[in-house]
């Protein structure tokens, strides 16, 4: 897995109108061009970036502070963004890598239990 | 004394971007506290506003991540986010390269710091500016502490950095206002977004208000992550301000919390506080 490059591409996309234009014109080609500069992606990662699949990207370990901007770029409403991440965890399993995995993040319910909270209903915030 | 104001505030993007989804009474009370903070800053007639922020991968990435960075430009732009999503139009924000450079040179005598002549503001700075300098007519010096991409700087170094900023400010003729902006407990941009640990927040604010160095520096990242979420790592910005509040004779400033209220749709316990210098 190449989480580093997935996040780096999103970092560039989030802050650069030129990268955004290229992505909007041809997502697959834009990501391929980025890969040609030395980045490595798996087919699954490319698919998640192209679709876009917010849930899969979160499962792979993309930092929410990067993913949030990507979702906003795609005009994904806040509640839908949160739900897509929950769906990603439900479908693919716990976060695999990155800041949320480092200290054992295992998903919303497990995290709530750590805090002594009841699992939160979906979409309440 | 060239440091004329020191305070802290929240910066979550929902504060402006999801304003219509919050309880109007609570939201408006929070906005009023922000307005009062602006008036308090303006009353000190600052030459520059130094904002210690915890940017969210707008300028710095893991290919070259400074633990501490200070902007050194005559202007900045922001927000990087979609203006409709954030509720803040794209603007050019004035800076002051000369003041920045003086500040950086002073800080460098005590702390390692990077400088950046380009800086695109994200919500971490734009949301506070939206309330504190709504006409964008006060030069801003952005300061960043890496709170997003571990490994993160130890809190002891953050304290030292805050003291370095204070010493630098005191050595300069300009009147410098300082605002630190970061979350208390929050799980921003994750499925847990909206969760707020009020007890943890209030305990931290009590430590912050008393300038209790020992307690402030006792927060480990592991415990913070569990109790306050990854957003809690941003406590570094607040600790730096507490350190800046310590006088040259070692007397900590006393803080006052002007507003604290958990607003889940804003994803954070919304906070406005300031220090009164000894």
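Looking at the protein assembly as shown, the DSSP beta bridges with both ends there are about 50 percent antiparallel.
With both labels modelled 7 Å from their Cα along Cα-to-Cβ, the residue A:90 to residue A:25 distance reads 3.9 nm. Label zone of residue B:247 (point 7 Å out along Cα→Cβ, amide N under 13 Å): in the range B:1-26 this covers B:1. Of the beta bridges in chain B, as assigned by DSSP with both residues counted there, near 50 percent are antiparallel. Each peptide in B:14-22, B:111-119 was scored by the mean count of other Cβ atoms within 10 Å over its residues; highest first, the order is B:14-22, B:111-119.
Model label sites at residue B:206 and residue B:222, defined 7 Å from Cα along the beta-carbon direction, differ in position by 2.5 nm.
Modelled spin labels at residue B:108 and residue A:16, positioned 7 Å past Cα toward Cβ, are 2.8 nm from each other. Mean separation of Cα pairs under 8 Å and 6 or more residues apart, divided by the residue count, gives chain B a relative contact order of 30 percent. Computed over chain B, the per-residue total of -39500 (n - 2.57) for DSSP H runs of n ≥ 4 gives a 222 nm mean residue ellipticity of -11000 deg cm²/dmol, rounded to 500. Shielding of peptide A:77-88 by partners, expressed as the average count of other chain Cβ atoms within 10 Å per residue Cβ, is 3. Calculated over the range B:167-261, the projected area of the Cα convex hull averaged across directions stands at 6.9 nm². Averaging the Cα positions of each part gives two centres, and for the range A:1-49 and the range B:243-278 these lie 40 Å apart. Entry note: the range B:1-136 has Rg to Rh equal to 0.97, where both radii use alpha-carbon atoms and Rh is the Kirkwood radius. The share of Cα pairs per 10 Å bin across the range B:32-84, counted from zero up to the longest distance, runs 16, 37, 36, 11, 0 percent.
Values quoted throughout were computed directly from the atomic coordinates according to the rules given, and no laboratory measurement underlies them. Note that the coordinates shown come from a computational prediction; the quantities given were computed from them, not determined experimentally. With ideal geometry, Cβ positions are generated from the backbone for all residues, glycine too; neighbour counts draw on all protein chains shown.
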